[in-house]
Ligand SMILES: C=C(O[C@@H]1C=C(C(=O)O)C=C[C@H]1O)C(=O)O
Ligand SMILES: NC(=O)CC[C@H](N)C(=O)O
C-alpha cells in the first residue's frame, strides 16, 4: 500500500513520514501543498491520487483559511471523499473548515507542550488506545465550533478539540502531533489508520519518489595521490604553535581536554581554496593567490572535489588514529548561503559566504602529544622544519583585554521586533523564532585580530573555539554548539536551546531547576523535533540519544539534546545532511522555512553573515565536524563600518522567542550571550 503525504512546508513532516512508514508499513510519497496548480493540473492530481491508497495531510505554518498556506488541501477533502485521509494539526483544522466548522486563535498558543488527550466515543482510529495519553501540541489556532458533519473524538484538558472524523467519509484528523519525540500512542493511532486503509483497500502503488533529495555523492573514488607522514612530540601550547607560521587555520577545542585541536597550515599559491558568494558565485583558486570564476554550483563542486580525494591512511600510532582530521577542508559557510535573501549591503564587495581551504599540512594536539602531519607526497622537509620549530617554541604571552569602541544593539528596535514575533507566534505562522541582533566593535588597526582571539579564548574557552583568517573574512569564535558531525556510518547533531547565567550564586542543581520549566523544555523540544525531521528527510534511522540535559560552560548553563543518525547502507553521505539541514534550526526556529522568511523582516533585512552559519572541517577520511557560529566575532575586509584606522568586527546574539517568553527575559539573555564575548574588550 502507499500513502501520499502532503507537506505544507513544515519542519516536522519527515518525522511524520517515518512514523507512517513504521506504523503502517506503507510506502510514503511526499508532495508540497502547492505542487499542483488547480484547476490547470487537475488531471495530474487525479492521476497521482489514483495511484495511492490514502492521504495524510501534515502540519504547517499559517492559517487554514488562507489559500496560500494550504494550497490544494481543502480541495483534497472536498473532492476525494472515498479515499481515507488523515489530517494532522493544520491538516486537521482544514478538514474541519471544509466541513463548515469555525476556527479561532487560541488566547494562549501551545507550542512544544505536552497535553493529556481524553478520548470520547468510539472510533476505529483509536481502537485499543486508552484515553488520557500524552501528546505534544504545536498550535495557535483551534476548532471552536463543529457542525454535524464532524464527529468529535478527543479533547485536551483545557477543552480544545483534539481529534475528529467525518460523519460519513473516511476522513479523520488530530490537532496534536503524534510524530513528536515526546508524544505517546502515535504509532498505535497510525497503525489503526493503516488497518482502516487496508479495509478500504484499493491496493494501488505510487510509481515515483516525489520530493526525494538527490544524493550529492554517488561514489567516493579516490583518484588523487596522498602520503601520510607525521612526527610526534610532547604536547605544545596551541597558541604558540600557531605563531610558528604566518598562515594558519585554527580549530581549537579550547575547553575539552582530550579532544583534538587542529591547526591547518595552508601554503600560499599552493593550497586550494574554494570561495562562494551568493552574489558573485563560485571561484576556485589557491591560498593567497589567483582564483578563477567557475560556472558551477557550490555543493556539487565541493562534493566532487572530496569524492575524488577520499583517503584512509594506515596509522600505527594509537593516539593519532583517534584524530578525526587527516587533512581536508577547513572553513565556514554563512547563514545567507543556505537562507538566500536580498540583504542590506554591509561591505563594498560581495560577501564571501563560503570559504573552504584544502589543507594538507597540519598540527594536531591532544591532551598528551602534538603531531606534525602532512598528507602531501614527499613532504619530509616541511615536517622536519616544523618539528624543529615546535621544539624551540616560546610559550605564548598571556593575552590582555583589548581597547575597543562598542556599539550595542538598539533595545527599542529589539522590543518592536519581539512584539512582532509574538504576533506571528499567536497567528499560527511560527512556533518558535530565534530573533537575533548584532553589535559592532571598532578596534584600532594597530591591534591584530590574533591578539583579539587570544584574549577571547582565554576569557571564554569553549569546545568549538576557532580562529579562521581568510583575509577577506575573519572569524574568531568561542562557540559551545556542535551543529553536525559525521563519518561513513554515523552522524550527530547537538542543538542547544535554553540558557541561564552562571555566576557565583548559581549551582548545577539551581540551573537544572531554572532550565527544566515548560518554556525552556518547549524551546528545546521544538528544535529536537525539527532536527529529527531534517535527518529523516534522508535517513531511515534517527535517534534522540540525549534529551534536554543541562551542560555547564564557561559563562552559562545550557540545555542540550543529542540526535544521532545512521548512515549505514544509505544513499546519502554527510555532505547531503549538511546541505539539507542548513541553516541550523537552533538559529531559525520552527517551522524553518517560514521562520527564516519572518526573521528576515524582523531583523530588518540585515545580513547575519557568518553569525548563525557553521564552521569546521571535512576531512579526506570523510569525517567532519561543524559548529554553529555563535558567541563569535567576525570581520569582512571591506566592511563599510571599518575606517582607515579601525577595523569593524561584528558580534551577533539572540535567542528563541516563544509565546512563553518575556521581552525583558529575552533581552537579558541576549546581553548575557553578547557579554560572553564582549568581556574581552575594555
Ligand atoms: C542565538 C544564540 O544562541 C542560540 C540560542 C540559544 C537559546 O535560545 O537558548 C542557545 C544556543 C544557540 O542555539 C546566540 O548565542 O546568539
Ligand atoms: N502545527 C500546525 O500544523 C499548526 C497549524 C496552525 N498554523 C496553527 O498554529 O494552529
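The criterion of at least 2 residues that are buried (at least 21 other Cβ atoms within 10 Å of the Cβ), within 16 Å of ligand 1 (Cβ to nearest atom) and within 22 Å of the chain's Cα centre (by Cα) is met by the following helices (runs of 4 or more DSSP H) wholly inside the range 411-519: 411-427.
In summary, residue 654 fulfils each of the numbered conditions (1) more than 16 Å from ligand 2 (Cβ to nearest atom); (2) surrounded by 24 or more Cβ atoms within 10 Å (Cβ to Cβ); (3) outside any strand (DSSP E or B) with the single exception of condition (3).
Give the residue, chosen from 661, 676, that is in contact with a helix residue (DSSP H, G or I) (Cβ under 9 Å, 6 or more places away or on another chain), in a helix (DSSP H, G or I) and more than 30 Å from residue 272 (Cβ to Cβ).
Details: 661 fails: in a helix (DSSP H, G or I).
Testing whether each residue is in contact with a helix residue (DSSP H, G or I) (Cβ under 9 Å, 6 or more places away or on another chain), in a helix (DSSP H, G or I) and more than 30 Å from residue 272 (Cβ to Cβ) leaves just 676.
Selection of the range 310-358 for residues being under 15 Å from residue 618 (Cα atoms) and surrounded by fewer than 16 Cβ atoms within 10 Å (Cβ to Cβ) yields only 312. The C-beta contact set for the range 10-23 (first residue modelled with pLDDT under 95, second residue away from ligand 2 (no atom under 12 Å from the Cβ) and not in a helix (DSSP H, G or I), distance under 7 angstrom, 6+ apart or interchain) is empty. Screening the range 532-649 for strands (runs of 3 or more DSSP E) wholly inside it with 1 or more residues that are more than 16 Å from ligand 2 (Cβ to nearest atom), surrounded by fewer than 19 Cβ atoms within 10 Å (Cβ to Cβ) and within 17 Å of the chain's Cα centre (by Cα) returns the ranges 541-552, 556-566.
Taken together, the criteria place residue 294 among residues that are surrounded by fewer than 20 Cβ atoms within 10 Å (Cβ to Cβ) and modelled with pLDDT of 95 or more.
The values are calculated or read from the model by the stated rules, or taken from the named source; none is laboratory data. Model, not experiment: these values are computed from the prediction. A quick note on method: Cβ atoms are made from the backbone with ideal geometry, for glycine too, and the neighbour counts reach across all protein chains shown.
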